[in-house]
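Everything on this sheet refers to the single structure shown next.
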Amino acid sequence: MVTGQFVPGLIARKVKLEGMLLDLLTEVISDLNPERGGGKISVSAYDTAWVARVRKSEDTDRLAYPLALEWLLLNQSSDGSWGGNVTPAYNLLPSMAALLALVKTPFQTRVTHLAAHKAESFLRVELGQFQPETFESSGFELLMPAMLKELEEAGITFKFPGKEILLRLQEHKLKLAHRELIYSGTSSLSHSLEAFGPSLDFERLKALQAKNGGYGSSPAATAAVLIYSPEWDSKAAGWLDELYLKSFLSGEAGRTAGSMPTAYPIDVFEVSWILYNLAHSTVSLKQLPQYMLGALTAWLEGSFTSEGVSISRFSGFPPDSDDTGMALATLKLAGSIYPCDSLFAFEETTHFACYHSERVVSIGANAHVLAALLSLSEQEKRLGYTRIEKVVNFLYSQRHTGGYWEDKWHLSPYYATACAVLALSRYHQSNSDRCLVPTLNWLLQTRNRADGGWSSQAGNSGKSNIEETAYALQTLRALERVVPGKTRQQYMEALYGGNEYLWVQLEVKNYQLKSCLEEAPRLWRAKVLYTPLRIVEAALLAALR
């Protein structure tokens, strides 16, 4: 309920909020390098481990990036793992990659032996409990078997109950996306080249190399080219050199020197998600400073090809429906006119694929496709009515009985639900409002009344977190028109309680958003869990606006 306690300080909070927003947009724009791309993403122990294995071209007995190995030694958890995730299964891939880096380093020491022993002990315990059939991360069914095989060749064999299931998943994935697809330039396998090791045709692979020298926006994939290729790729090494140098210039040198990002660059992904989040606050995009909005929308427009967009215009990665749908929806919300034809190549019988030959369908991608289709003119929407209905029906068919959605690209149901609702709430047909009531009820029921926020991870800590709370608030606001009178007070209490929770977290950290995010769990799924830092900042600011 609204009380006077929320009135004092509102103006001060608003000033702080607008200052943080301008700082964020300024940072994003200044990072958009027209030759290299941009974006900010969390550090990845997995990618750092692959880069730590690269040897110098002129002396193969020396590491090319020695501080990458040192970073691994400094950042191993007490249980022997890397990744820092609450759910141990998500620490398996980075820990396997780190163990390989340790056992293959040219200079073995007591420190590396001890770290390797601890890592092996962790993996034996956790693999014994691993259930591949319920796990989801990008390409794990290819990456994990490849690393297990390489560890076995190094004398470390793991036997565990789920191994046969994992190998069957690998076989199924390779039937859907055979390695030959890599060279076509249409497969997301270019992001996971390390899964194929020396079996790759490195001459054919050169056609997939991005302008900046990287492969698939992945330090791990690029490192694999340097590790396995019979010829040194100086352009790929130059890209890793740049990332290596950036780790010293991040302002957190003691913590990040030698480390690698989860993916880079991610400029299209970052810009479109930031603007889309801000568009779903109480202020429209057109009220942002025009020079800022113009710079960001121009970047998106300049990134489009006839096939759509990927996470970056410099990724060497094929376009996908998630980034394409989000970029199109964002441009429409910003007042730009851009055709949606590039989306139709991803259309399947019942839904839209994120990538061709994918094993698991993405809820978020379909929601963003729907957002793009619903942003068309009324005449265009009438012509595309069948497609719109297809995606709407698919989304509702995938909703859990509890009223929420889950997505393969994010660990939290609050993210997937926000994606779905922000699109579906703009779909106005008979009974469309009533269809969203179960989702409203789920949000009201799952709120953490102890602190006012939300978290799917609360069972682990008892606390909410800022990212999931931001998504919950965005979703609640989008559902305002479907709130029945009998739950109006509960709805308002949830809004104000969640809002106050976010402000408290900011004030405790003296409005340092980056400090807040450091303590939040990593929830975005790729090969490992990660955080696209500026995107989550934008979600938080949008929720507070």
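The table for this structure:
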{"read-out": "Any hit, segment 86-100, residues being open to solvent by 30 Å² or more (accessible area, probe 1.4 Å), modelled with pLDDT under 95 and under 30 Å from S281 (Cβ atoms)", "value": "yes"}
{"read-out": "Residue within segment 136-155 that is closer than 20 Å to R525 by Cα and in contact with a Gly (Cβ under 6 Å, 6 or more places away or on another chain) present", "value": "no"}
{"read-out": "Helices (runs of 4 or more DSSP H) fully within segment 486-545 counting 1 or more residues that are without any contact (Cβ under 8 Å) to a residue 60 or more places away in the chain and either among the small types (G, A, S) or farther than 24 Å from P265 by Cβ (or both)", "value": "488-508, 513-519"}
{"read-out": "Residue in segment 145-155 that is touching a helix residue (DSSP H, G or I) at 6+ places or on another chain (Cβ under 9 Å) and farther than 22 Å from V528 by Cβ present", "value": "yes"}
{"read-out": "Top-ranked residue in segment 314-349 [being assigned to a loop (DSSP other than H, G, I, E, B) and within 17 Å of L376 (Cβ to Cβ); ranked as modelled with the lowest pLDDT]", "value": "I337"}
{"read-out": "Among the residues listed as G80, G38, the single one being in contact with an Asp or Glu (Cβ under 6 Å, 6 or more places away or on another chain), open to solvent by less than 10 Å² (accessible area, probe 1.4 Å) and either on the phi > 0 side of the Ramachandran plot or at pLDDT 90 or above (or both)", "value": "G38"}
{"read-out": "Qualifying residue in segment 437-444 (condition: in contact with a strand residue (DSSP E or B) (Cβ under 6 Å, 6 or more places away or on another chain), in a helix (DSSP H, G or I) and of a type outside the set (D, E))", "value": "no"}
{"read-out": "For N499: the one exception among (1) open to solvent by 20 Å² or more (accessible area, probe 1.4 Å); (2) out of contact with any helix residue (DSSP H, G or I) (no Cβ under 7 Å at 6 or more places or on another chain)", "value": "(2)"}
{"read-out": "Of residues in segment 463-485 being open to solvent by 40 Å² or more (accessible area, probe 1.4 Å) and part of a helix (DSSP H, G or I), the one farthest from A420 (Cα to Cα)", "value": "G485"}
{"read-out": "Given (1) under 30 Å from A334 (Cα atoms); (2) in a helix (DSSP H, G or I), number of the condition I311 does not satisfy", "value": "(2)"}
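The values are calculated or read from the model by the stated rules, or taken from the named source; none is laboratory data. Computed from a prediction, not measured in an experiment: that's the story for all the values here. Every residue, glycine as well, gets a Cβ built from its backbone with ideal geometry; the counts of neighbours run over all protein chains shown. Protein only, heavy atoms only, side chains kept; ligands, DNA and RNA dropped before computing areas. Shrake-Rupley method; radii C 1.70, N 1.55, O 1.52, S 1.80 Å.
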